[in-house]
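Readers should treat all values here as calculations from the given coordinates under stated rules, not as data from a laboratory. Values in this document were obtained by computation on a predicted structure and should not be read as measured data. Methodologically, a virtual Cβ is constructed for each residue, glycine included, from the backbone with ideal geometry; neighbour enumeration extends over all protein chains shown.
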Amino acid sequence: MNGEGTLDLSASATAEAILAQSASAPDVVAAARARAESQARLNAFITLASADDLRAAAASAPAGVLRGVPIAVKDNIATTTLSTSCGSRILDGWVSPYEATAVSKLRAAGAVIIGKTNMDEFAMGSSTENSAYGPTLNPLDLTRVPGGSSGGSAAAVAAGICRISYGSETGGSVRQPAAFCGIVGVKPTYGRVSRFGLVAFASSLDHIGVFGKSVDDAALGLQVIAGHDTRDATTVDTPVDDYRAESAKPLAGLVVGVPTEYFPVTLDERIRARCHRAIGVLRDLGAEIRTVSLPHTDYAIPVYYILAPAEASSNLARFDGVRYGPRAESDDLRGMYERTRSHGFGPEVTRRIILGTYVLSQGHYDAYYRKAMLVREKITQDFTKVFAGGVHVLFTPTTPSPAFTFGSKSDPLEMYLSDIFTATANLAGVPAMSQPIGLVDGLPVGGQLLAGHFREADMFRAAYALEKALGSEALS
Ligand code: GLN
């Protein structure tokens, strides 16, 4: 099989073809790179690895479950072979001296990292319009955003460049772009995947997440990077389920909760209809459907936009032009100062730092930060109660609207509402994923599944059955 032909295979089938020597890893990776180059106008990549480096990496890829499988990685996940800019001028060209644990695990499984993908600066945004390297275009409609902040990784999969890519999630940055690009996006349980080497935005909310063309691709993509890591004390030492095996289980006995708060009267009727269709399919497959309530859902956005900027203002203090930032070309401090200013943070990052510093300042801390922490606990308890009551997974829309056009959300507050259905899972730390459930006006709609802590397997089981039953309806 030639390399081009393998681009349509699932990630596991690609690796199997390479292991069986019916396809060659260097050919597969070269085909992915060629497709990325032919789709350059999407601006999905900040850096693409050179053809020579890729050939060498593919030829020596270990014989693991991802042998020779081309992978794209968001530009805030550290790699020693390619720069890690976080979509920011302040880190332009910076090459990390160490690799993220997720990247080391990918390499050990035989994956080949073809490039680093475009993103909103420091992962702050919902459209990839906040990148210092220009916006990424949605491969399904070039006039629309791919979502964000992991827009480049979502576009790479949607454009058929690779079957699996990685992004990061603080409030929805994998699920929302997955929904906008008609692919699968997974945010694991907080503590399931190591954050070592993920550049920090808001540490208590940050996760590495995975995009897949299909549920099976995403399950394999998560399987490889999941697990305990001594270099991230927040990872948990519990066994990792076999997500692909669990996906194949029938739905009889599975209880699907439908939370009323995620279907407000203001919800777009066409999105509501798509969700109800998907819920009907789950019922037909043998799942029990239950209406449930998560009463503190409305507070998620205000709580998120206090806590995330607070943590960001502390985390981003390291980019001060001394430890990181524009390199000093001489001892000329004045010149270095000027460069830091002219290559500094963009407007959204600046806004977050100011907001975060404000909510942490003396006199405001109790009114904002402390109160938000208390409400975060209430949001978490909502989930704990529902899952303790026998519900296995929840089904909701992923986003309140399909992909929007460039520049249409210039009011930051309007942009922040993109995360209305996703931020809760980051606050509570529960796993959640998005998958395509149909089109509205020719644009994909995402359905979201959420599960209890470390119950990714339940989520994949529902998602896989739904994907199979919907078939081509998911993208029509
Ligand atoms: N859109 C949200 C924000 O701007 C979430 C970003 C993310 O998940 N990284 O903060």
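Counting only other residues whose beta carbon sits under 10 Å from that of VAL440, what net charge do I get with K and R as +1, D and E as -1? List each step's numbers first, then the result.
Values: positive: ARG270, ARG274; negative: ASP268, GLU269, ASP441.
Summing Lys/Arg as +1 and Asp/Glu as -1 gives -1.
By average Cβ neighbour count within 10 Å, what is the ranking of 37-49, 237-249, 441-453, 146-158 from highest down?
146-158, 441-453, 37-49, 237-249
Find how many whole Å separate the alpha carbon centroid of the range 75-124 from the alpha carbon centroid of the range 227-274.
Each part's Cα centre sits 27 Å from the other's.
For the chain, what proportion of DSSP beta bridges, expressed in % and rounded to the nearest 5, is antiparallel?
Working: 31 of 46 bridges.
If I count the DSSP bridges inside the chain, around 65 percent turn out antiparallel.
Using only DSSP helix segments of four residues or longer, with each worth -39500 (n - 2.57), what per-residue ellipticity at 222 nm results for the chain after dividing by its residue count and rounding to 500? If you can, show how the numbers build up before the last one.
Numbers: 17 runs with 175 residues, N = 476.
The helix-only estimate for the chain comes to -11000 deg cm²/dmol at 222 nm.
Ranked from highest to lowest mean number of other Cβ atoms within 10 Å per residue, what is the order of the peptides 170-180, 56-66, 123-133? Intermediate results must be reported in sequence, preceding the final value.
Values: 170-180: 34.0, 56-66: 17.6, 123-133: 26.6.
Peptide ranking by packing, descending: 170-180, 123-133, 56-66.
Given contacts defined as C-alpha pairs under 8 Å and at least six residues apart, what's the relative contact order of the chain, whole-number percent?
Averaging sequence separation for qualifying contacts and normalising by length gives 17 percent for the chain.
Can you tell me the dipole magnitude for the range 35-87 around its Cα centre, using point charges on the Cβ only (Lys, Arg +1; Asp, Glu -1), in Debye to the nearest 20? Show your work: numbers first, answer last.
On the way: 5 positive and 4 negative charges, 35 e Å.
About 160 debye.
Expected output is a single nm value to one decimal: the length gained when fully extending between SER408 and SER50, i.e. 0.36 nm times separation in residues minus the C-alpha distance. What is it? Walk me through the numbers on the way to the answer.
Values: separation 358, 0.36 × 358 = 128.88 nm, distance 3.57 nm.
So the chain would gain 125.3 nm between SER408 and SER50.
How big is the charge dipole of the range 1-91 about its Cα centre, in debye rounded to the nearest 20, if each Lys and Arg gets +1 on its Cβ and each Asp and Glu gets -1 on its Cβ?
Numbers: 7 positive and 8 negative charges, 56 e Å.
With Lys and Arg at +1 and Asp and Glu at -1, about 260 debye.
Tell me, in nm to one decimal, what length is gained between GLU269 and ASN2 on full extension, where the rule is 0.36 nm per residue of separation less the Cα-Cα distance?
Length difference between fully extended and current span is 91.6 nm.
I want to check the label-to-label distance for VAL440 and THR81. Put each point 7 Å from Cα in the C-beta direction and report it in nm to one decimal.
4.1
Taking the Cα centre of the chain as the origin, how large is its charge dipole in debye, to the nearest 20, when only Lys and Arg (+1) and Asp and Glu (-1) carry charge on their Cβ atoms?
Dipole magnitude for the chain comes out near 260 debye.
Which of LYS371/LYS468; LYS249/LYS409; LYS187/LYS249; LYS105/LYS371 have a Cα-Cα distance over 32 Å? Show your work: numbers first, answer last.
Working: LYS371/LYS468 44 Å; LYS249/LYS409 41 Å; LYS187/LYS249 21 Å; LYS105/LYS371 39 Å.
Pairs exceeding 32 Å: LYS371/LYS468; LYS249/LYS409; LYS105/LYS371.
Along Cα→Cβ, 7 Å out, is where each label goes; now give me the distance between the ones at GLU16 and TYR98 in nm to one decimal.
3.8
Counting only other residues whose beta carbon sits under 14 Å from that of GLY257, what net charge do I get with K and R as +1, D and E as -1?
Working: positive: ARG283, ARG290, LYS385, ARG455; negative: GLU261, GLU288, ASP382, ASP458.
Once positives and negatives cancel, what remains is 0.
Using the alpha carbon gyration tensor of the chain, what are the three equivalent-ellipsoid semi-axes (square root of 5 times each eigenvalue), largest first, in whole Å?
Numbers: eigenvalues 193, 172, 80 Å².
So the equivalent ellipsoid measures 31, 29, 20 Å along its semi-axes.
By per-residue mean of other Cβ atoms within 10 Å, what is the highest-first order of 207-220, 268-281? Before the final figure, lay out the partial values.
On the way: 207-220: 27.0, 268-281: 16.9.
With the highest mean Cβ count within 10 Å placed first, the list reads 207-220, 268-281.
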